[in-house]
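To keep things clear, I will list the structure first and then write my remarks on it.
The values are calculated or read from the model by the stated rules, or taken from the named source; none is laboratory data. Keep in mind the model is a prediction, meaning the values are calculated, not measured. FYI the Cβ positions are ideal-geometry reconstructions off the backbone, even for glycines, and counts take in every protein chain you see.
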Amino acid sequence: MQTIETPRDMQKLAEDHRRAGQSIGLVPTMGALHEGHLSLIRRCRAENDVAIMSLFVNPTQFNRQDDLDRYPRDLAGDSGLAREAGVDIIFAPTVEGMYPQGYQTSVTLEQLPTRWEGTSRPGHFQGVATVCTKLFTICRPHRAYFGQKDYQQSRVVRRLAADLNLDLEIVVLPTVREADGLALSSRNVLLKPEERRQARVLSQALFQAQADVRAGQRDATRLHAAIEDRIQTAPLAVLDYVGVCDPETLVPLEKIEDRAVAVVAASFGTTRLIDNALLEP
Ligand code: AMP
């Protein structure tokens, strides 16, 4: 396994692999790896000749300095896990390497970021869209792997890849969860024990909505209210948003006709968590 730091070296290496006729897979991460990341890496390993994992805590997608400052970092641990899971190349650039003096270009989408995470975290998706575009240009992947855990992000990335005619396949894999349903997240380690215990209410509310839809509920307003009520049974949960929406556009629905997605965000203490579930009749 190699670790590459500069965009220039990474781009050259990727170009060499492409010239040799090898397929390249990329898993973009911010590190603090857990089983969710590892599921993406294993799939990337299985489907490509060369598996690249990028490891970059991208400051431009954080709208709060304290969130960026306390984001967990563990390069040594991450390298071991990445190696075991079959990563060939870790691309771990510096902030200065990605955004040198004079940098001023960004990628923005017009509609997808106008709600949910986009309004709760102003500038977040511009940061995500820009860094992903840069990572795609630097690592030259044939396939890039993302988790459904960050549902809106996966839609943003699919959209920008299509809109900008990027010649790569975006693969989105299911959310990996703890035994009690809590979606794995690098931020989970920041939860205090009682916050951690109550955080399972998010997935419970989503699973209940899935069951309600399977049982015939089609009224999105009722589903929305039920999810909200369930989350509010946890005294430590401070609800940010609940949305029952179109799975492509993320526009809220009134009635579920085909497929829908429920998205939620709530804080437990100082830790903000998000989750989602597809609702299928
Ligand atoms: P992050 O390091 O949080 O930026 O996440 C890197 C990638 O891992 C993103 O595509 C996430 O959606 C994905 N990911 C994070 N948590 C999970 C999870 N619990 N299950 C599946 N994928 C995940």
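Observations, loosely collected:
- Residues that are surrounded by 19 or more Cβ atoms within 10 Å (Cβ to Cβ) and under 21 Å from Asp9 (Cβ atoms), drawn from region 93-114: Pro93, Met98
- Criterion (closer than 18 Å to Cys132 by Cα and of a type outside the set (D, E, K, R)) met by exactly one of Met30, Met1: Met30
- Condition check for Thr133: hydroxyl-bearing (Ser, Thr, Tyr) and over 20 Å from Met10 (Cα atoms): no
- Unique match (being in contact with a strand residue (DSSP E or B) (Cβ under 8 Å, 6 or more places away or on another chain), at pLDDT 95 or above and either within 30 Å of Asp66 (Cα to Cα) or of a type outside the set (Phe, Trp, Tyr) (or both)) among Gln217, Gln232, Gln208: Gln232
- Inter-residue pairs, beta-carbon under 8 Å, first assigned by TED's automatic domain parsing to the domain that holds Gly77 and in region 30-46, second buried (at least 23 other Cβ atoms within 10 Å of the Cβ) and assigned to a helix (DSSP H, G or I), 6+ apart: Leu33/Ala82; Ile41/Ala82
- Any hit, region 59-81, residues being of a type in the set (Val, Ile, Thr), in contact with a Ser or Thr (Cβ under 8 Å, 6 or more places away or on another chain) and at pLDDT 95 or above: yes
- Counting only strands (runs of 3 or more DSSP E) that fall entirely inside region 9-127 and contain at least 3 residues that are within 19 Å of His142 (Cβ to Cβ) and within 16 Å of the ligand (Cβ to nearest atom), the qualifying elements are 24-29, 50-55.
- Just one residue in the set Arg159, Arg155 is buried (at least 18 other Cβ atoms within 10 Å of the Cβ), basic (Lys, Arg) and either free of Cβ contacts under 8 Å to residues at least 40 places away in the same chain or within 14 Å of the ligand (Cβ to nearest atom) (or both); that residue is Arg155.
- Scope region 131-148; condition in a helix (DSSP H, G or I) and either touching a Gly at 6+ places or on another chain (Cβ under 6 Å) or within 14 Å of the ligand (Cβ to nearest atom) (or both); matching residues: Val131, Cys132, Leu135, Phe136
- Subset of region 187-223 that is crowded, with 19+ Cβ neighbours inside 10 Å and closer than 24 Å to Asp246 by Cβ - its residue that is nearest to the ligand (Cβ to nearest atom): Ser203
- In region 162-186, the residues that are over 19 Å from Ala277 (Cβ atoms) and either surrounded by 19 or more Cβ atoms within 10 Å (Cβ to Cβ) or near the ligand (Cβ under 9 Å from one of its atoms) (or both): Ile170, Ser186
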